[in-house]
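Written below as structure tokens is the structure these notes are about.
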Amino acid sequence: MADQAFVTLATNDNYARGAMVLGKSLRNHNTSKKLVVLIGPQVSDPCQCVLKRIYDEVRVVDVLDSGDAAHLAMMKRPDLGVTFTKLHCWTLTHYSKCVFMDADTLVLSNIDELFDREELSAAPDPGWPDCFNSGVFVYRPSIETYGKLLEFCTEHGSFDGGDQGVLNGYFSDWATADIAKHLPFIYNLSSIAIYTYLPAFKQFGGNAKVVHFLGKTKPWSYTFDPKAKKISGSEQDVSSNPTYLLEWWMLYSSSVVPMLHEQYGDQTFHSGCVEFLCSEMMTIEIEQSESTLSLPHSLPQPSSQERKQKWEQGQADYMGMDSFDNIKRKLDTFLK
Ligand code: UDP
Ligand code: MN
């Protein structure tokens, strides 16, 4: 339906990557709804271009200089910056009904049936189930509601400092008024729920439709080796939600990273995928050793094959043949 949309928000390039994966996952499961992403002005041009390829509508929201009600509200509550940006989703009045989804969510199957629900429908928060989690919610865009939300925000603030506190304050009868507004947990399965209630996860987890990577460590905080399908990095234990995290990275590395590469061209950017870094460097490496570059020959030079192996084991000769200067020199010959 043309007047219904999934809406997300990304104020920077990291969350923009999340939004790209989310958008792709919605498309892959054949949604019939429009896709809208609200972005902050800090999102880089290449990321904006990729978002435009995935989303029907990419709308820049700049509460800092918009001069509208949110700007005024923001002057009183500068601590609630991102929250005010998120509330902007209520201004999308060219849609009659929307489903907001955090940029750190991933869709596992078609969820268009969510549009049968009314405002404000959401799933319980795993930490405090009398509150709803604001990572996935059904709402009706309305300037009137938008105004009331901003007013509520300015007057009462947010008990948790974010949008979830504000929205639970405003839609405060969610827990008691209408059970139809309680979305099943499978529409917003947070990764922390897996280890806090493992038997339930074993019983019901297979039906999950949306995963939410809530908390400090986001999928893009890790690094990924697409060849070995291995996720690493970050202080947090990767094993807490290995399957969903892997699913996120598989989608990101296969469908999003190639688009990012196209947009960035030869500008440097970090996809977070080890393979891309290594294989890009490797190509340069091998060609370099076969070319006539004058390298220091005081030590016996390893063969291309040996060097490839070393690269793959993460033992590049950064101080010698694989030094940045040599790579840059090769790149320069490329560009000429
Ligand atoms: N967000 C954003 N930029 C930020 C922080 C948050 O665009 O710097 C958006 C993004 O859509 C994100 C949502 O606000 O998914 C809520 O934040 P987050 O997911 O980090 O909170 P959590 O779900 O971990 O409580
Ligand atoms: Mn989130």
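The values are calculated or read from the model by the stated rules, or taken from the named source; none is laboratory data. As the structure is a prediction and not an experimental result, all values here were calculated from the model. Every residue, glycine among them, receives a Cβ derived from its backbone with ideal geometry; neighbour counts consider all protein chains shown. Only protein heavy atoms, including side chains, enter the accessible area calculation; ligands, DNA and RNA are left aside. Shrake-Rupley method; radii C 1.70, N 1.55, O 1.52, S 1.80 Å.
How large is the charge dipole for region 2-114, taken about the Cα centre, if only the Cβ atoms of Lys, Arg (+1) and Asp, Glu (-1) carry charge, to the nearest 20 debye? Don't jump to the answer; show the numbers that get you there.
Values: 12 positive and 13 negative charges, 33 e Å.
Its charge dipole is roughly 160 debye.
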query: In whole Hz, what ³J(HN,Hα) sequence does region 147-152 give by Karplus (6.51, -1.76, 1.60; θ = phi - 60°), x for Gly and Pro?
result: x, 5, 5, 5, 4, 4
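Taking a ≥ b ≥ c as the square roots of the Cα gyration tensor eigenvalues, with a/c under 1.5 meaning rounded and otherwise prolate when a/b beats b/c, else oblate, which class fits region 1-70? Spell out each step's value before the answer.
Values: a/c = 2.52, a/b = 1.42, b/c = 1.78.
It is oblate, given that a/c is not under 1.5 and a/b is not larger than b/c.
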field: Links that overshoot a 30 Å alpha carbon limit, given the list Lys24/Lys227; Lys34/Lys202; Lys97/Lys229; Lys52/Lys229; Lys52/Lys97
entry: Lys34/Lys202; Lys97/Lys229
task: List the residues whose amide H sits under 5 Å from the amide H of Leu9, counting only those 5 or more places along or on another chain, with H placed 1.01 Å from N in the peptide plane.
output: Leu38, Ala103
task: For an R0 of 22 angstrom, estimate the FRET efficiency from the Cβ-Cβ distance between Ser109 and Arg59 and round to the nearest 0.05.
output: 0.25
message: For Leu72, what accessible surface area do you get with a 1.4 Å probe? Give it in Å², rounded to 10.
response: 110 Å²
- request: Let me see the pair-distance distribution of region 1-154: every alpha carbon pair, 5 Å bin width, integer percents in order.
  value: 2, 10, 18, 22, 22, 16, 8, 2, 0
Nitroxide proxy distance, nm - points 7 Å out along Cα→Cβ at Asp173 and Leu198: 4.2 nm
